[in-house]
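Novice: The structure is given below, and queries will be raised subsequently.
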Amino acid sequence: MATDTQVRVALADSLSEVAGLRGHAWTPGQLQGRDAVVIEVNVDFDASMQRGSDEMNVVVRLLVGGDLRTAQQRLSDLVYLVRDRLWDDPTLDDTVSDCRLHRKRGDSEGQVDVGGSQFAVVDLEVQIIT
């Protein structure tokens with residue numbers, strides 16, 4: 001079974017395969033403007049009997065810079081590219097048993113300030129079975 005650190009790294013690596021997106025296992029010191037950051041990993045240990053697997057709910061924050069309208073449109077496109085990427089590699093290069101994009105949470109009604117820069121933001125919930 002994969003640890004949360006292994007899942008963070010594998011998921012960030014997978015998200016980096018999406019054209020125009022930079023995946024980060026942890027919040028980086030500087031954002032480029034099209035970033036996917038693993039911000040939260042919740043783990044249900046022993047989800048199946050006899051230590052068969054753990055279940056994780058991972059929150060990935062997509063951040064896109066630029067003018068608000070363009071950034072929001074790009075966010076919408078990126079959500080579906082991320083979904084497709086996880087469909088194409090549901091084991092995150094054999095790190096986990098299964099993973100899927102479960103939910104998109106919120107659309108940025110305005111831009112948010114992160115480290116002095118403005119970004120449109122959306123959070124994605126990814127369900128993972130180790």
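The values are calculated or read from the model by the stated rules, or taken from the named source; none is laboratory data. Every value quoted in this text rests on a predicted model; they were computed, and no experiment measured them. All Cβ positions, glycine included, derive from the backbone under ideal geometry; neighbour counts span all protein chains shown. Heavy atoms of the whole protein, side chains included, go into the accessibility calculation; ligands, DNA and RNA do not. Shrake-Rupley method; radii C 1.70, N 1.55, O 1.52, S 1.80 Å.
Novice: Evaluate the range 106-120: report whether one residue or more is part of a strand (DSSP E or B), open to solvent by less than 60 Å² (accessible area, probe 1.4 Å) and among the polar types (S, T, N, Q).
Specialist: yes
Novice: To continue, here is another question. Is there a residue being open to solvent by 40 Å² or more (accessible area, probe 1.4 Å), in contact with a Phe, Trp or Tyr (Cβ under 9 Å, 6 or more places away or on another chain) and of a type outside the set (Val, Ile, Thr) anywhere in the range 96-104?
Specialist: yes
Novice: Would you check which residues across the range 9-40 are among the charged types (D, E, K, R), open to solvent by 30 Å² or more (accessible area, probe 1.4 Å) and either closer than 19 Å to GLY116 by Cβ or touching a residue at least 40 places away in the same chain (Cβ under 8 Å) (or both) and list them?
Specialist: ASP13, GLU17, ARG22, ARG34
Novice: Still on this model: Keeping to the range 41-73, report how many residues are in contact (Cβ under 8 Å) with a residue 40 or more places away in the chain and either assigned to a strand (DSSP E or B) or aromatic (Phe, Trp, Tyr) (or both).
Specialist: Residues that pass the stated criteria total 10.
Novice: Only one of ASP98, ASP77, ASP93, ASP88 is under 15 Å from VAL9 (Cα atoms) and either without any contact (Cβ under 8 Å) to a residue 12 or more places away in the chain or among the charged types (D, E, K, R) (or both); which?
Specialist: Answer to the check: ASP93.
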